[in-house]
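The block underneath contains the structure these notes are about, expressed in structure tokens.
None of the figures in this text is laboratory data; all of them are computed from the coordinates on show. Since the structure is predicted, the reported quantities are computational estimates derived from the model, not experimental observations. Glycine gets a Cβ as well: all are built from the backbone with ideal geometry, and neighbour counts include every protein chain shown.
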Amino acid sequence: MRIAIASDHAALEMKSALVEYMQDAGHEVDDLGPNAPDSVDYPDYGYKLANAVASGDADKGVALCGSGIGISMAVNRNPACRCALVSEPLSAALSREHNDANVIAMGARLTGIEMAKSCLNAFLNTEFGGDRHARRVGKLSTPAI
């Protein structure tokens, strides 16, 4: 699977660990940065990640920042992305099964690296359930009235 990953400066350590974890599992990983501890703006990296997923350059995305909140908001501004902020494996699996999430977001200050690996594993290994969920997911890309 082709997976794009991006973070802000607060999540560099987690990003590095997850890149290695995904590569060891045989995935092709595109690290979209940053690559230095200098302060950066999470929207810039969230938008970059969203564009990679929306364009098809990546099958799935991993978005990381201090809390996971800001970068998930940035990713979700792209209507082709369904980014789920998770902190444990059940929500990661349900984001795929029920919501067909194509990006997972986590907070490096709130989620340990081992838990993040468990979340990522659940996310990458759960299929979309389809059926009744497909109608609902379709509405996520339709402007609200």
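Data overview
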{"quantity": "The one condition in (1) within 11 Å of the chain's Cα centre (by Cα); (2) within 20 Å of residue 28 (Cβ to Cβ); (3) of a type in the set (Val, Ile, Thr) that residue 126 fails to fulfil", "calculated": "(1)"}
{"quantity": "The stretch 123-143 residues that are in contact (Cβ under 8 Å) with a residue 60 or more places away in the chain and closer than 17 Å to residue 91 by Cβ, paired with ones that are surrounded by 13 or more Cβ atoms within 10 Å (Cβ to Cβ) and hydrophobic (A, V, I, L, M, F, W, C) (beta carbon under 6 Å, 6 or more apart)", "calculated": "123/92; 123/104"}
{"quantity": "Counted residues, the stretch 26-39 - those being in a loop (DSSP other than H, G, I, E, B) and either touching a Gly at 6+ places or on another chain (Cβ under 9 Å) or without any contact (Cβ under 8 Å) to a residue 40 or more places away in the chain (or both)", "calculated": "9"}
{"quantity": "Condition broken by residue 67, with the remaining ones in (1) in a loop (DSSP other than H, G, I, E, B); (2) in contact (Cβ under 8 Å) with a residue 24 or more places away in the chain; (3) crowded, with 24+ Cβ neighbours inside 10 Å satisfied", "calculated": "(3)"}
{"quantity": "Which numbered condition residue 42 fails, given (1) in contact with a Gly (Cβ under 6 Å, 6 or more places away or on another chain); (2) crowded, with 24+ Cβ neighbours inside 10 Å; (3) of a type in the set (Ser, Thr, Tyr); (4) closer than 19 Å to residue 101 by Cα", "calculated": "(4)"}
{"quantity": "Single residue of the stretch 93-145 satisfying the filter (surrounded by 11 or more Cβ atoms within 10 Å (Cβ to Cβ) and of a type in the set (Ser, Thr, Tyr)) that is farthest from residue 11 (Cα to Cα)", "calculated": "126"}
